[in-house]
Amino acid sequence: MVGCQQSRTESARITLTRVQAISIGVALALSMTSAAAVPRLAGWLLVSTQIAFLALAAWRLGLIAVQARAPRAALSSSWRHEDWPRYTVVAALYHEAQILPHLVERLDEIDYPRDRLQGFLALEADDHATIAAASQLELPDWLSVLVVPPGTPKTKPRALNYALARATGDFLTIYDAEDDPDPLQLKEAAMKFRDEGDSLACVQAPLRIRSRQKTSPHPLLDRQFAAEYAALFEITLPAMVRLGLPFPLGGTSNHFRVSVLRALGGWDSWNVTEDADLGFRIWRAGYRLGVISRPTYETPPGPVRLWLPQRTRWLKGYLQTLAVHTRWTEGMGWRGWAALIMTIGAGLGSAAVHAGCMAWVAVVCLMSAMDRQLPSLSVLGWAVLIVGVAAAWITKYRGARIAGTPYGPLDMAASLPYWFLLSLAFMHAAVRLALEPHRWDKTPHQDDIELIIVPDPYPDAGRAAA
């Protein structure tokens with residue numbers, strides 16, 4: 001197993017089916033011609049968009065109400081050594097020679113019976129620098145280098161599938177080059193799988209962004225990125241689990257039941273956000289997703305020149321995922337469709353219209369100020385502006401409090417230009433989807449020696465018991 005094992009219809013190898021392409025073309029043509037022929041239609045479309053944004057704001061506020069931080073359970077000391085299931089750890093890396101020694105150190109800190117562990121550093125065959133760096137390291141006995149043979153597409157999910165075919169664990173987790181997982185994360189996941197039964201196919205650990213020790217040249221961008229993660233992993237995903245809904249997985253620190261992962265054919269090698277796709281494929285197959293509390297710490301991407309390619313890839317992958325999962329209805333159900341729309345769909349829709357909506361509001365306010373009048377927005381327009389922005393701010397603030405991430409008034413103000421950047425990334429993603437749908441835009445990872453971990457807001461229950 002190297003490439004994806006899904007059918008062509010269920011894979012992002014085909015960007016759009018003929019039916020999808022025709023349907024989108026007809027819808028766009030009808031919208032434009034109808035708006036020109038019936039001027040009122042443009043107003044109706046605007047009102048519909050505003051109502052959709054109000055629904056999204058209500059969804060976010062509802063998730064805050066639903067989300068409840070579960071107390072971290074102490075790990076049981078009653079498990080015998082042989083009771084712990086076998087676990088496979090995979091890190092798929094490319095051009096990561098500099099940061100590899102730090103990753104190996106962190107993986108070696110995992111608190112799990114060594115004879116129950118299997119680990120792979122999945123390296124591309126043409127990545128001679130990282131292969132050479134790995135050969136110079138003294139790896140733990142359970143961790144080995146796995147060279148992925150040349151092939152297409154050259155993507156992270158293809159490398160993961162190669163490792164999956166060689167996995168001997170009952171469960172499998174994946175990490176990225178810059179990851180620093182909580183040492184007890186595997187034990188918590190193993191106990192979660194035991195307690196929840198065979199219907200639980202995957203659990204997601206929260207991802208948290210480290211704070212910098214020294215002054216960052218781009219602190220506001222780093223903090224926006226950290227607040228986004230906090231809102232997603234501390235608020236949205238726990239609330240969706242509580243509601244019994246599927247969700248797009250994060251790109252790392254997913255823990256899988258290997259038998260289910262193999263039955264699904266592994267990851268879609270052609271999808272550049274294979275994690276988002278896999279969460280919904282697990283749901284379609286009749287399994288559940290869950291979350292655990294012990295986090296993995298990551299680094300922010302850095303300046304805009306690094307942030308933009310990463311966000312472009314994410315949005316391009318979201319477009320692929322939305323296209324794939326709207327091709328057939330089997331297994332989704334109304335809860336699956338609701339989750340897909342309110343996560344993938346809402347993320348894409350927001351990124352697409354942020355800049356245009358904000359520019360429109362700015363023009364209205366400027367023209368009204370020149371006339372010395374209050375902005376002439378409708379009641380619905382004011383509601384969307386106030387409730388929508390407030391919902392986004394409150395969600396990030398609440399998530400940041402849980403994750404220990406700084407988020408204050410300056411960060412709230414900085415979110416407005418940040419939303420313009422999201423629209424720029426969406427435009428890039430749409431173009432890249434048309435021109436290079438399967439190209440993987442690699443995010444370079446820096447040596448994060450100058451980054452610190454914010455103190456964990458949870459008490460460290462369980463370490464002694466483990």
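Ranking Phe247, Phe280, Ala263 by Cα position along the charge dipole of segment 228-303, where only Lys, Arg, Asp and Glu carry charges on their C-beta atoms, puts Ala263 farthest toward the positive end.
Ranked by the mean number of other Cβ atoms within 10 Å of their residues, highest first, the peptides 314-324, 15-25 come out as 314-324, 15-25.
Taking packing as the residue-averaged number of other Cβ atoms within 10 angstrom, the listed peptides 335-344, 351-360, 395-404 run from highest to lowest as 395-404, 335-344, 351-360.
The order of Met332, Met240, Met367, going from fewest to most other C-beta atoms within 10 Å of their C-beta, is Met367, Met332, Met240.
When you count, for each residue, the other Cβ atoms within 10 Å and take the mean per peptide, how do 176-184, 99-107, 59-67 rank with the highest first?
Values: 176-184: 22.4, 99-107: 18.6, 59-67: 16.9.
Descending packing order for the listed peptides: 176-184, 99-107, 59-67.
Over the chain, the hull volume per residue, using the convex hull of the C-alpha atoms, is 151 Å³.
Sequentially through segment 299-313, phi angles give Karplus couplings (6.51, -1.76, 1.60; θ = phi - 60°) of 9, x, x, x, x, 4, 5, 9, 5, 5, x, 5, 5, 4, 5 Hz, Gly and Pro residues having no value and appearing as x. Measuring between their Cα centroids, segment 356-422 and segment 95-163 lie 43 Å from each other.
The mean sequence distance of close C-alpha pairs (under 8 Å, at least 6 residues apart), as a share of the length of the chain, puts its relative contact order at 25 percent.
Cβ under 13 Å from Leu243's Cβ, Leu243 left aside: what net charge do those residues give with Lys, Arg +1 and Asp, Glu -1?
Working: positive: Arg242, Arg288, Arg335; negative: none.
With Lys, Arg at +1 and Asp, Glu at -1, the net is +3.
With both partners inside the chain, how many of the DSSP beta bridges are antiparallel, as a percent to the nearest 5? So the antiparallel bridges amount to about 30 percent of the total. Annotation: lysines with alpha-carbon distance below 22 angstrom to Lys154 (same-chain offsets under eight excluded): Lys316, Lys442. Cβ-to-Cβ counts within 10 Å put Ser253, Ser368, Ser378 in ascending order as Ser378, Ser368, Ser253, the fewest first.
Annotation: amide H of Gly169 within the under-5 Å range of Thr88, sequence separation 5 or more or interchain, hydrogens built in the peptide plane.
Dipole magnitude for segment 99-168: computed about the Cα centre from +1 point charges on Lys and Arg Cβ and -1 point charges on Asp and Glu Cβ, it is near 400 debye.
Ellipticity at 222 nm from helices only: DSSP H runs of n ≥ 4 in the chain, each -39500 (n - 2.57), divided by the residue count, give -16000 deg cm²/dmol. Dipole magnitude for segment 293-395: about 280 debye, using +1 per Lys or Arg Cβ and -1 per Asp or Glu Cβ, origin at the Cα centre.
Relative to the dominant Cα principal axis of the chain, helix 18-37 is inclined by about 20°.
FYI, it's all coordinate maths here, none of it is from the lab. Model, not experiment: these values are computed from the prediction. Positions of Cβ are generated from backbone atoms using ideal geometry, with glycine treated the same way; all protein chains shown enter the neighbour counts.
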